[in-house]
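Please read the structure below before turning to the comments.
The values are calculated or read from the model by the stated rules, or taken from the named source; none is laboratory data. The structure displayed is predicted, hence computed values, not measured ones. Using ideal geometry, Cβ is built from the backbone for each residue, glycine included, and neighbour counts are taken over all protein chains shown. The area values use the complete protein model at the heavy-atom level, side chains included, leaving out ligands, DNA and RNA. Shrake-Rupley method; radii C 1.70, N 1.55, O 1.52, S 1.80 Å.
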Amino acid sequence: MPYNMTWQHICTGNRLFFVLLVVSSVGIIMETMAKTGPTHGKVVVCYISTWAVYRPGHGAYSIDNFDASLCTHAVYAFAGLDPDQSAIKSLDPWQDLKEDYGKAGYERLTGLKRTHPHLKVSLAIGGWNEGSKNYSRLAADPIARGKFVKQVTSFIRKYNFDGLDLDWEYPTQRDGNPILDRENFVLLCKELREQFNPHNLLLTSAIGAAKNVIDMAYDVRQISRYLDFLHIMCYDYHGSWDRKIGYNAPLTAPNGDVLSVQYTIDYLLKLGAPAEKIVLGVPFYGRTFKTPYDGNIDDETDGTAFQGPYTREDGFLGYNEICQILKNKTSGWTTLWDPETSQVLARSEKDVFTGLVQAVTFDNSRSIANKVKFAMDRKLAGIMIWSIDTDDFLGECEIEEDIYEDYRHLKHSGLRLPSRLHNNYPLLRTINEAMPLAIEEIKNKHHHPEEMEDHDDHHVEDNEIPHGSVEDRKGESNTALRCIHNSLFTVLLLLVAIDRFF
């Protein structure tokens, strides 16, 4: 065989080998990036209530149950405030830390970033049980505030968190300072931002949804300058405290009623919150009631409620508890869907001994899908969940069949969604599944408005809040797609180099 022919075959063989090697490598990269997290380009913020580990039986939830591939951001709830030291502190050292043979919850959650590099993990400070008084006093004292800002920065970096989530519930409320808290909260956010910037740390805050709280507690335009995301707690609009049955998180409400998701979000947009910083909160739980009447909306109650076997909190049922009740076809429970509010009302038969009917209002998968569509229509950053430990994380209930009943384009197109490979986390999976579907639904609405519902009455004032690029801090889920694009570009360069070499 001639020498030049032999060399040509060798070169051709090597070239093909290198091409296959590069393509194979990129395939692995693409598969890895696709698996590590959502790729729809929106944020999915998953709060984990870490005390859920103490719940009984199948309600117990630990970090081992957490599926990091379904969230772009995880929030460890909660840490507390040491008012004497002006410092953040663990509220459950044995659960949070590894000292003294603890369970190292902080490090176990942040450690998931090694296998899921898309994931951003924040530590939340505050919560309902922490109250407001100590946070009000801290924010009012410049020296204490400065001390806290430095200490909390060191604390979250020590445990490898990507940021801090402020859950002060709420400025000006619950023994807070009704006059000074609003401005002091702005100062606290500003000083945290200045301290966080050199370390590329996230700063977010849970924001109350009620209009009176928004008006009193938040200078929305100013805090939006310093926060990466505003996690809007769009739930608890109604509960047993109303002494009548009401929806926990209605998407809409009659004109003049400010207690709805739509009103809250549109009001915040009008006040100057950038849509790309708003994260709409959805509840993976319902509110419970007991009534001597039929169990309809607005039926009077005496303010009492009932609790579930896992969460064991009066007036509260996790979705995993609700679906367990409803899957028992002989339980005597019935459900009613309200198309106006995208809420579900479930109610029991009347107890023959007490004469009372139990009722719960909650979000099912159809509710969640409709709220995703609303969030995409308003061009929001994404969806926040309180909290994933009350989803059906074990997959013990049936998957709902009418999830996209209100997606008219999808419904009329005749397309069928692929079957889910896993039954666990049905609500969380609905969020990720619905994101691209909702975007397509909205595009079709704009292209064929006569065929779609008209929701274009929500014009709000444009805001002029300056905010630079915080893409790296935010860790938006389209990072995976950018990496894939970069990888493909690298392949082209390698192929050109191989061609020239051989």
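If the Cβ limit is 6 Å and pairs must be 6+ apart or interchain, which residue in the range 343-356 that is under 22 Å from LYS327 (Cα atoms) pairs with which residue that is open to solvent by less than 20 Å² (accessible area, probe 1.4 Å) and in a strand (DSSP E or B)?
If the second residue must be open to solvent by less than 20 Å² (accessible area, probe 1.4 Å) and in a strand (DSSP E or B), the pairs left are GLN343/THR361; VAL344/PHE362; LEU345/THR361; ALA346/VAL360; ARG347/VAL357; ARG347/ALA359; SER348/VAL357; LYS350/VAL357.
Any residue at all in the range 353-375 that's hydroxyl-bearing (Ser, Thr, Tyr), under 15 Å from ILE245 (Cα atoms) and over 24 Å from the mean Cα position of the chain (by Cα)? Give the derivation first.
Here is the first cut: in the range 353-375, the residues hydroxyl-bearing (Ser, Thr, Tyr) are 354, 361, 365, 367.
Retained after the next criterion (residues that are under 15 Å from ILE245 (Cα atoms)): 361.
Next cut, over 24 Å from the mean Cα position of the chain (by Cα) only: none.
Within the range 353-375 (the criterion being hydroxyl-bearing (Ser, Thr, Tyr), under 15 Å from ILE245 (Cα atoms) and over 24 Å from the mean Cα position of the chain (by Cα)), the answer is no, since none of the residues qualifies.
On the basis of being part of a strand (DSSP E or B) and either over 18 Å from the mean Cα position of the chain (by Cα) or farther than 19 Å from GLU169 by Cα (or both), does LYS270 make the cut? Full working, then the answer.
Numbers: part of a strand (DSSP E or B): no; either over 18 Å from the mean Cα position of the chain (by Cα) or farther than 19 Å from GLU169 by Cα (or both): yes.
When the stated conditions are applied, LYS270 does not pass them.
What do you reckon, is ALA87 at positive phi and over 19 Å from the mean Cα position of the chain (by Cα)?
It is false that ALA87 is at positive phi and over 19 Å from the mean Cα position of the chain (by Cα).
Might you check whether a residue that is among the hydroxyl-bearing types (Ser, Thr, Tyr), outside any helix (DSSP H, G or I), open to solvent by less than 60 Å² (accessible area, probe 1.4 Å) and within 24 Å of GLU194 (Cβ to Cβ) occurs anywhere in the range 90-106? Steps first, please.
In the first step, residues of the range 90-106 are kept if they are among the hydroxyl-bearing types (Ser, Thr, Tyr); the result is 90, 101, 106.
Now restrict to residues that are outside any helix (DSSP H, G or I): 90.
If we keep only those that are open to solvent by less than 60 Å² (accessible area, probe 1.4 Å) too, we end up with 90.
Applying the additional criterion that residues be within 24 Å of GLU194 (Cβ to Cβ) yields none.
Within the range 90-106, none of the residues are among the hydroxyl-bearing types (Ser, Thr, Tyr), outside any helix (DSSP H, G or I), open to solvent by less than 60 Å² (accessible area, probe 1.4 Å) and within 24 Å of GLU194 (Cβ to Cβ).
Go through the residues of the range 34-51 one by one and say whether even a single one is over 16 Å from the mean Cα position of the chain (by Cα), modelled with pLDDT of 95 or more and either open to solvent by less than 30 Å² (accessible area, probe 1.4 Å) or among the aromatic types (Phe, Trp, Tyr) (or both).
Step one: filter the range 34-51 for residues over 16 Å from the mean Cα position of the chain (by Cα), giving 34-36, 51.
Remaining after also requiring modelled with pLDDT of 95 or more: 51.
Still in the running and either open to solvent by less than 30 Å² (accessible area, probe 1.4 Å) or among the aromatic types (Phe, Trp, Tyr) (or both): 51.
Yes, the range 34-51 has at least one match.
So, of the residues in the range 228-257 that are more than 19 Å from the chain's Cα centre (by Cα) and among the aliphatic types (A, V, I, L, M), which turns out to be least open to solvent (accessible area, probe 1.4 Å)? Working first, answer last.
Of all residues in the range 228-257, those more than 19 Å from the chain's Cα centre (by Cα) come to 238-247, 252-257.
Add one more test, that the residue is among the aliphatic types (A, V, I, L, M), and what stays is 245, 253.
Details: ILE245: 1, ALA253: 33 Å².
Here the residue is ILE245.
Checking the conditions here, which among ALA139, ALA79, ALA104, ALA87 is among the aliphatic types (A, V, I, L, M) and without any contact (Cβ under 8 Å) to a residue 24 or more places away in the chain? Spell out how you get there, then give the answer.
Working: ALA139 fails: without any contact (Cβ under 8 Å) to a residue 24 or more places away in the chain; ALA79 fails: without any contact (Cβ under 8 Å) to a residue 24 or more places away in the chain; ALA87 fails: without any contact (Cβ under 8 Å) to a residue 24 or more places away in the chain.
The match here is ALA104.
Out of the range 258-303, which residues are basic (Lys, Arg) and surrounded by 24 or more Cβ atoms within 10 Å (Cβ to Cβ)?
Quick first cut of the range 258-303, residues basic (Lys, Arg) only: 270, 277, 287, 290.
Hit for the range 258-303 is ARG287, nothing else.
Out of all the residues in the range 171-208, which are touching a residue at least 24 places away in the same chain (Cβ under 8 Å), open to solvent by 40 Å² or more (accessible area, probe 1.4 Å) and not in a helix (DSSP H, G or I)?
Listed by number, the residues that qualify are ARG174, ASP175, ASN177, PRO178, LEU180, ASN200.
Answer yes or no: is there a residue in the range 59-70 that is closer than 20 Å to VAL282 by Cβ, crowded, with 19+ Cβ neighbours inside 10 Å and β-branched (Val, Ile, Thr).
No: zero hits.
Return yes when ALA217 is of a type in the set (Gly, Ala, Ser) and within 30 Å of ALA346 (Cβ to Cβ) and no when it is not.
Numbers: of a type in the set (Gly, Ala, Ser): yes; within 30 Å of ALA346 (Cβ to Cβ): no.
It is false that ALA217 is of a type in the set (Gly, Ala, Ser) and within 30 Å of ALA346 (Cβ to Cβ).
When the residues of the range 71-89 are narrowed to those that are in contact with an Asp or Glu (Cβ under 6 Å, 6 or more places away or on another chain) and surrounded by fewer than 23 Cβ atoms within 10 Å (Cβ to Cβ), which ends up nearest to ASP228 (Cα to Cα)?
Step one: filter the range 71-89 for residues in contact with an Asp or Glu (Cβ under 6 Å, 6 or more places away or on another chain), giving 75, 80, 89.
Of the ones still in play, those that are also surrounded by fewer than 23 Cβ atoms within 10 Å (Cβ to Cβ) are 80, 89.
Working: GLY80: 21, LYS89: 23 Å.
Restricting to residues being in contact with an Asp or Glu (Cβ under 6 Å, 6 or more places away or on another chain) and surrounded by fewer than 23 Cβ atoms within 10 Å (Cβ to Cβ), the top hit is GLY80.
Can you find, within the range 304-314, the residue that is farthest from SER387 (Cα to Cα) among those that are without any contact (Cβ under 8 Å) to a residue 60 or more places away in the chain and open to solvent by 50 Å² or more (accessible area, probe 1.4 Å)?
Top of the filtered list is GLN307.
Could you please find all residues in the range 209-225 being more than 16 Å from ALA139 (Cβ to Cβ), part of a helix (DSSP H, G or I) and of a type in the set (A, V, I, L, M)?
At the first step, the residues of the range 209-225 found to be more than 16 Å from ALA139 (Cβ to Cβ) are 209-215, 220-221, 224-225.
Checking which are part of a helix (DSSP H, G or I) leaves us with 211-215, 220-221, 224-225.
If the condition is that a residue be more than 16 Å from ALA139 (Cβ to Cβ), part of a helix (DSSP H, G or I) and of a type in the set (A, V, I, L, M), then VAL213, ILE214, VAL220 are the ones that fit.
Does any residue of the range 134-149 turn out to be part of a helix (DSSP H, G or I), within 30 Å of GLY37 (Cα to Cα) and at pLDDT 95 or above? First the steps, then the outcome.
Quick first cut of the range 134-149, residues part of a helix (DSSP H, G or I) only: 134-140, 142-149.
Of the ones still in play, those that are also within 30 Å of GLY37 (Cα to Cα) are none.
Looking through the range 134-149, none of the residues is part of a helix (DSSP H, G or I), within 30 Å of GLY37 (Cα to Cα) and at pLDDT 95 or above.
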